[in-house]
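Input: a single structure, listed below in structure tokens.
Every number in this text was worked out from the coordinates using simple rules, so none of it is lab data. Note that the structure is predicted; figures quoted are calculated from it, not measured. For neighbour counting, all protein chains shown are included, and Cβ atoms are generated from backbone atoms with ideal geometry for every residue, glycine included.
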Amino acid sequence: MTATILHATEADIARAVAALARGELVAIPTETVYGLAGLALDPQALAQIFAAKERPTFDPLIAHVAPSPRGARLQALATAGLVDLALLTPAARQSAERLADAFWPGPLTLVLPRAAGVPDLCTAGLDSVAVRMPAHPVAQAILTQLGQPLAAPSANRFGRVSPTTAAHVLAELAERIGWIVDGGPCAIGVESTVVAVQADGECALLRPGGVTAEQITAVTGQPVFKPQTSPLALPSPGMLASHYAPSQPLHVLPAPLATLADLEVRALVQPGDGVLLLAGSAEDAARRLEQLLGTRSPVLTLAPDGNDAIAAQQLFASLRHLDASGAAQLWTEPTTRIDGLWPAIADRLTRASAPRP
Ligand code: AMP
Ligand code: MG
């Protein structure tokens, strides 16, 4: 099997919908990253997703639903057979409703009580299910025409760099899936923020992502908390230390490159190593490294002006680019900022550079 590339035309979207309805897998564009989609309520389709990705079955999937209007979004999750609304407390329901109204369609995933018919493979046997309403018009068209929810984890082999273009998906899964819909580069570039809505209406942040903690707090009026620092520690089984890993080892410099002394740089960065700056001029850094190391190194910057949205959008493509540059190892910088999308970027880079199992 070699994946056929489809485009965002009416005819190709109909082909993608037909393949999904038959229980096949289709890689689809979303605003976060490309997803490997299969029917969320069909255990056989789910089993194919885990097999194609080599994803461990303890790692639950996110179910994606078609767009629906404000005020009707929680009900749509129940109608789709995903969520049991009767198990929500009034406070949890109010928070979930506010979040769905404010951030859907968009890069926010809500963890809510599962409906009885959701396969265990989708939820990893948990009594909750993760749900999201994506904003990408191609994902929306497919979900609307299909009329069924889709599980869609990132369309890469497990543990590796997430794909933000159809070409990335092809490089990861060409021989393992039948179809890839090319919807252009993903606008956000990091995965969704995952929050679990608690009985008291507060939100536990299980994964930083495309919606910031500040944005969530502005809507719920309550601070989001990180479960590892809370006595109410919640399991989010997929949050492994090593993830998003390039083929070559990735290390984090002890401080931003521009602030390191020449001696320190020379002790760490070897000739030909790839360097991923979070901000600033790649050209300036490349020139300095050439002076210090005597040879030209591949250097990329996520956002020359330090813009977090641009940095997020460039993150995975930049990692892939440096990974393919021939460098024996890669370096990046520690994140000093905690606002906006920087926590999501820092999370991905920390795990991309974590020791591998
Ligand atoms: P992805 O890898 O982008 O498909 O995102 C799936 C991630 O969402 C998992 O690895 C978990 O961290 C989180 N998740 C999904 N379902 C649940 C759930 N029921 N409870 C807690 N976290 C979940
Ligand atoms: Mg993933």
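Net charge near Arg296, counting Lys/Arg +1 and Asp/Glu -1 over other residues with Cβ under 12 Å of its Cβ? The answer is -1. If you wrap the Cα atoms of region 44-99 in a convex hull and average its projected area over all directions, you get 5.1 nm². For the pair Thr4 and Ala86, a Förster radius of 45 Å applied to the C-beta separation gives a FRET efficiency near 0.60, rounded to the nearest 0.05.
Of Ala151, Ala241, Ala344, the residue with the greatest mean-square motion in the GNM of the chain, using alpha carbon springs below 10 Å, is Ala241. Modelled this way, with points 7 Å down the Cα-to-C-beta line, the labels at Ala171 and Ser325 are 1.3 nm from one another.
Taking other Cβ atoms within 10 Å as a rough exposure proxy, Phe316, Phe158 sort from fewest to most as Phe158, Phe316. Rounded to the nearest 10 degrees, the angle from helix 282-293 to the longest Cα principal axis of the chain is 40 degrees. For the chain, the calculated P(r), taken from all Cα-Cα distances in 20 Å bins from zero up to the bin holding the longest distance, is 31, 56, 14, 0 percent. Each residue of region 297-303 was assigned a 3J(HN,Hα) from its phi angle through the Karplus expression (A = 6.51, B = -1.76, C = 1.60, θ = phi - 60°), giving 10, x, 10, 10, 10, 6, 7 Hz with x at Gly and Pro.
Report the FRET efficiency, 1/(1 + (r/R0)^6), for Thr79 and Gln145, where r is their Cβ-Cβ distance and R0 is 25 Å, rounded to 0.05. It comes out at approximately 0.90.
Legend: translational diffusion of region 1-46 by Stokes-Einstein, Rh = Kirkwood radius over C-alpha pairs, 10 °C, 1.306 mPa s; D = 141 µm²/s. Toward the positive end of the charge dipole of the chain, with +1 on the Cβ of Lys and Arg and -1 on the Cβ of Asp and Glu, the farthest Cα among Thr332, Ala40, Thr144 is that of Ala40.
Working from label points 7 Å from Cα in the Cα-to-Cβ sense, the Glu214 to Glu264 distance is 2.7 nm. With both residues required to sit in the chain, DSSP beta bridges show an antiparallel share near 40%. Charged side chains reduced to their Cβ positions (Lys and Arg at +1, Asp and Glu at -1) give region 252-357 a dipole of some 300 debye around its Cα centre. The order of Ile28, Ile62, Ile5, going from fewest to most other C-beta atoms within 10 Å of their C-beta, is Ile5, Ile62, Ile28. In the elastic network of the chain, a GNM with C-alpha springs shorter than 10 Å, the most mobile of Ala218, Ala100, Ala282 is Ala218. For the pair Asp339 and Arg15, label points projected 7 Å from Cα toward Cβ lie 4.7 nm apart.
Each Lys and Arg Cβ is given +1 and each Asp and Glu Cβ -1; about its Cα centre, the chain then shows a dipole of about 340 debye. For every other residue with a beta carbon closer than 9 angstrom to the beta carbon of Ala245, add +1 if it is Lys or Arg and -1 if Asp or Glu, then tell me the sum. Once all neighbours under 9 Å are counted, the net charge is +3.
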